[in-house]
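Working notes, structure below.
All of the numbers you see were taken from the coordinates with simple rules; none came from a lab. Source: prediction; values computed, not measured. Backbone-built Cβ (ideal geometry, glycine too); neighbour counts: all protein chains shown.
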Amino acid sequence: MMDILQNIIIFSLGAGLLYFGAEYLISSGVEIAKKFGVSSVVIGITVVAFGTSLPELIVSISANMRGETGIVLGNVIGSNIANIGLVLGTSALITPIIFNFKESRKDLYILGGVTLLFTFFLIPGYLFRIEGIIFILLLLGFCFYLFKKNNYNDVESNKSLPLKVVVLLILGVLGLWLGSELFLMGAIRIAEIFGVSSAVIGMSLVALGTSLPELATSVVAASKGKPEIAVGNIIGSNLFNILAVLGITLFVREIKFEFAEIALNTGIMVFLTILLILFLKLQNGLNRFVGLFLLSLYFIAIYFTISNPLIP
């Protein structure tokens, strides 16, 4: 009983750190955008997305070094599913998201292309170091493209950031990282106490835990009237999960796996990515009905993950 109570406390502390970390990251991100004349979408796709993707990166490298390849792929695929279904679904339910598709259509198409490339690399059941290098090069190219296309408004001649903004940015990233670690630790221990398999934990709780920074950040951004940061965060996070997280993880160590075990989840990831692009293109945003639909698809995906007979 004490063990369960202790892990519930750890779980709750992690959730609190995630919320305040998201608050600080959003505040500093908006200030950076204003200071340098960079659009909020670019800040969402780069600074905010990288900060919220740090848990995936740390968990994946650690799991890969221990030979837990199921957790690595489950983390990336599951997180991308959670980011669209859970994060954007919840954000749209709280506050309908209005989004300028034309401004970010290339970013969304790049996300779709990278997701399909990732799926193609998965089919043989082996991810090579060279594919990790390709992901890293694509990430560098994407970041260069983002800043190249962005129009800078040199309204302020002094480009130095106030110390407060820098401190908030650092505290935001640290809060999200530490919060996700504590949340994940508590969640996994609680699941183990109740006898849930490690494979299911990897596909569900680990993916959920590492997606909580995106959830906290996007919900706060949407509620603060910054929907472009909420959507930009998900576009950037899903790209970072594949290009940065897997790219760096594969550079450290190659991954061998059974594609049949992750085929269903991979298909769901591709389906949700295409669905997101279509909704944003046709509606220039996500209303509450679409939010409920995406959220429902997420829980259906979790159900099929838990009941998948191919997962040991």
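Observations on the model:
- The overall shape of the stretch 229-275 is oblate: from the C-alpha gyration tensor, with semi-axes ordered a ≥ b ≥ c, the ratio a/c is 1.5 or greater and a/b is no larger than b/c.
- Span from the the stretch 55-74 Cα centroid across to the the stretch 94-117 one, whole angstrom: 27
- Other residues within the sphere of radius under 14 Å centred on the Cβ of Ser91, judged by their own Cβ, net out at +1 (K and R +1, D and E -1).
- With a simple spin-label model that places each label point 7 Å from the Cα along the Cα-to-Cβ direction, the separation between Phe128 and Leu174 comes to 4.3 nm.
- Flagged links, alpha-carbon separation over 26 Å, of Lys34/Lys224; Lys106/Lys164; Lys148/Lys224: Lys106/Lys164; Lys148/Lys224
- Under 9 Å, Cβ to Cβ, from Val30 - net charge with Lys/Arg +1 and Asp/Glu -1: +2
- An ellipsoid equivalent to the stretch 1-73, defined through the eigenvalues of its Cα gyration tensor, has semi-axes of 31, 20, 6 Å when rounded to whole angstrom and sorted largest first.
- Karplus 3J(HN,Hα) series, Hz, for the stretch 222-232 with 6.51 cos²θ - 1.76 cosθ + 1.60 (x for Gly, Pro): 5, 5, 8, x, 10, x, 5, 6, 4, 6, x
- As a ratio to 2.2 N^0.38 Å, the alpha-carbon radius of gyration for the stretch 1-126 is 1.28.
- Translational diffusion of the stretch 104-147, µm² s⁻¹ [Kirkwood Rh, Cα pairs; Stokes-Einstein; 4 °C; 1.567 mPa s]: 115
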